[in-house]
Amino acid sequence: MIDFVDIIYGLAWGDEGKGKITSAKAKHYDWVCRWNGGPNAGHTVYVNGKKYKTHSVPSGIFAGKKCIIGPGCVINIDKMLEELRMLTMAGFDVNLVKIHPNTHVITEDHIAYDKKHLGHLGTTSQGIAPCYADKMLRKGKRAVEVLEPNWIWDGELNGRVLCEGAQSVWLDIDHGDYPYVTSSTTMPYGACSLGFSPRKVRQLIGVAKIYDTKSGVDPLFPQTLWDDPVLNKIIEEGNEYGSTTGRKRIVNWLNLDKLKKAIILTGCSELIINKCDVLEKIGEYSIIHGNEKVSFASFHEMKNYIIDTLLYSTGGDLYDIAFSGDVEKI
Ligand code: IMP
Ligand code: MG
């Protein structure tokens with residue numbers, strides 16, 4: 001029987017540091033599961049000072065937890081095996097990783113289609129959209145048809161379950177800024193596709209970042225942002241380069257209205273705001289609120305403004321806000 005499910009998910013456009021939070025919290029759970037996305041995701045996790053980059057394997061692997069890749073995910077088998085080899089070499093037990101039989105498999109054709117036809121959307125060129133499209137057309141290949149049986153999950157979740165989101169609210173296929181979105185359900189309710197009732201959900205742990213970034217194209221992040229020297233400093237200080245594509249991310253000040261909307265939309269109970277030390281290093285503290293840029297003299301002032309705005313105006317689900325330091329230093 002499942003005791004409870006906690007869900008970690010992104011409240012912005014991805015790259016908020018969900019992987020770091022998941023690996024830090026994983027020790028308290030029996031299972032860590034992914035419910036959406038695939039090799040488009042890039043999770044950077046530091047364990048004992050060493051940097052690991054994963055794409056498909058849940059970040060629970062670093063804590064020796066049972067890891068499930070759910071039926072709402074897509075996998076690139078070669079890339080996943082490569083990831084598993086890297087983790088084995090580093091001493092992690094990859095026998096803990098199992099894949100749901102209905103997880104769909106990305107083919108070379110999917111990747112070729114993505115590269116040829118979807119570049120204008122700034123996709124990660126991993127074949128994500130064509131793979132989900134074939135799934136919907138009922139002509140996709142599932143993991144159970146192509147993977148060795150020892151990789152296939154045939155058990156049931158029980159005990160304490162942690163779900164780890166990939167991408168984020170504003171990349172969600174239904175709620176994001178379509179068509180500048182990904183092809184899966186990034187919203188936390190998508191986690192139920194792993195096969196548990198919504199009544200099992202205990203905490204909704206939303207992860208944000210103290211400034212906004214977008215990988216790839218999005219009219220909400222106009223090209224003029226590249227001309228701003230302070231925002232460029234944030235790119236360098238925050239190392240805002242895509243971990244899957246290596247692309248430079250577009251940076252803007254935290255849009256508090258969007259964050260508030262994402263919190264309300266998802267019923268976020270616990271909010272973690274990452275990378276606060278990047279602004280502290282630069283010494284500039286601004287946000288966007290009511291379509292206006294609002295600047296502060298110190299991080300302390302900015303933090304209080306964010307707490308006052310969010311805690312009492314998001315509908316009552318949110319009861320905790322944590323401000324966290326560098327993604328690389330937990
Ligand atoms: P796709 O998921 O490769 O189809 O890309 C669609 C959009 O989602 C593009 O704007 C990508 O940059 C973005 N995207 C997909 N995965 C991630 C991620 O893990 N982090 C940030 N952006 C992502
Ligand atoms: Mg990422």
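What follows is calculated from the coordinates using simple rules that are stated; it is not laboratory data. Please read all numbers here as calculations on a predicted model, not as lab measurements. Cβ atoms come from the backbone with ideal geometry, glycine included; neighbour counts cover every protein chain shown.
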Open item on the list: Given the -39500 (n - 2.57) contribution per DSSP H run of 4+ residues, what per-residue ellipticity at 222 nm results for the chain, rounded to the nearest 500 deg cm²/dmol?
Closed with: -7500 deg cm²/dmol
Open item on the list: Within the stretch 255-279, name every residue whose backbone N is under 17 Å away from a label modeled 7 Å from Cα of D177 along the Cβ vector.
Closed with: 255-263
Task: Amide hydrogen neighbours beyond the local backbone of N274, cut-off 5 Å, H modeled - done: A208, K209, I210, S324
Open item on the list: Just to be sure I understand the model, the point goes 7 Å from the Cα along the line to the Cβ. What's the resulting R202 to H117 distance in nm?
Closed with: 4.5 nm
Open item on the list: I'd like the Karplus ³J(HN,Hα) series for the stretch 246-257: coefficients 6.51, -1.76, 1.60, θ = phi - 60°, whole numbers in Hz, and an x wherever there's a Gly or Pro.
Closed with: x, 5, 6, 7, 7, 10, 9, 5, 4, 8, 5, 5
Open item on the list: For V47, what residues show an amide H to amide H distance below 5 Å, using hydrogens built from the backbone and excluding near sequence neighbours?
Closed with: Y52
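So, by mean Cβ neighbours within 10 angstrom, what's the order for 141-147, 182-188, 128-134, 224-230 with the highest one leading?
The packing order, highest mean first, is 182-188, 128-134, 141-147, 224-230.
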Task: Label point distance in nm, L311-Y189, each placed 7 Å from Cα along Cα→Cβ - done: 2.9 nm
Task: Share, in percent, of DSSP beta bridges within the chain that are antiparallel, nearest 5 - done: 30 percent
Task: Nonlocal amide H pairs with N76, under 5 Å, H built at 1.01 Å - done: I106
Open item on the list: Taking just the alpha-carbon atoms of the stretch 65-217, what radius of gyration and Dmax come out, in angstrom?
Closed with: 16.3, 45
Open item on the list: If the only charges are +1 at each Lys and Arg Cβ and -1 at each Asp and Glu Cβ, what is the size of the charge dipole of the stretch 187-330 around the Cα centre, to the nearest 20 debye?
Closed with: 600 debye
Task: Residue-wise HN-Hα coupling along the stretch 130-138, computed from phi with Karplus coefficients 6.51, -1.76, 1.60 (Hz; x: Gly, Pro) - done: x, 5, 5, 4, 5, 4, 5, 7, 6
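Once Rh for the chain is found with the Kirkwood sum over Cα pairs, what is the Stokes-Einstein diffusion coefficient at 10 °C and 1.306 mPa s, in µm²/s?
Approximately 79 µm²/s, per Stokes-Einstein.
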Task: the stretch 217-222 - phi-based ³J(HN,Hα) in whole Hz, Karplus 6.51/-1.76/1.60, Gly and Pro as x - done: 6, 5, x, 5, 10, x
Task: Charged-residue dipole, Cβ positions (Lys, Arg, Asp, Glu), the stretch 226-307 about Cα centre, Debye nearest 20 - done: 280 debye
Task: Stretch gain in nm, segment S298-K50, where the contour uses 0.36 nm per residue and the Cα spacing is subtracted - done: 86.1 nm
Task: Extension gain, I264 back to E148 (0.36 nm per residue minus Cα-Cα distance, nm) - done: 37.5 nm
Task: Residues M136 and F4, FRET efficiency given R0 of 25 Å [Cβ-Cβ distance, rounded to 0.05] - done: 0.20
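Dipole size in debye (nearest 20) for the chain around its Cα centre, Lys and Arg Cβ +1, Asp and Glu Cβ -1? Could you put the intermediate results ahead of the total?
On the way: 38 positive and 40 negative charges, 126 e Å.
Charge dipole, the chain, about its Cα centre: 600 debye, nearest 20.
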Open item on the list: Rounding to the nearest 10 and keeping the result within 0 to 90°, find how far the Cα-based axis of helix 299-311 lies from the longest principal axis of the chain.
Closed with: 60 degrees
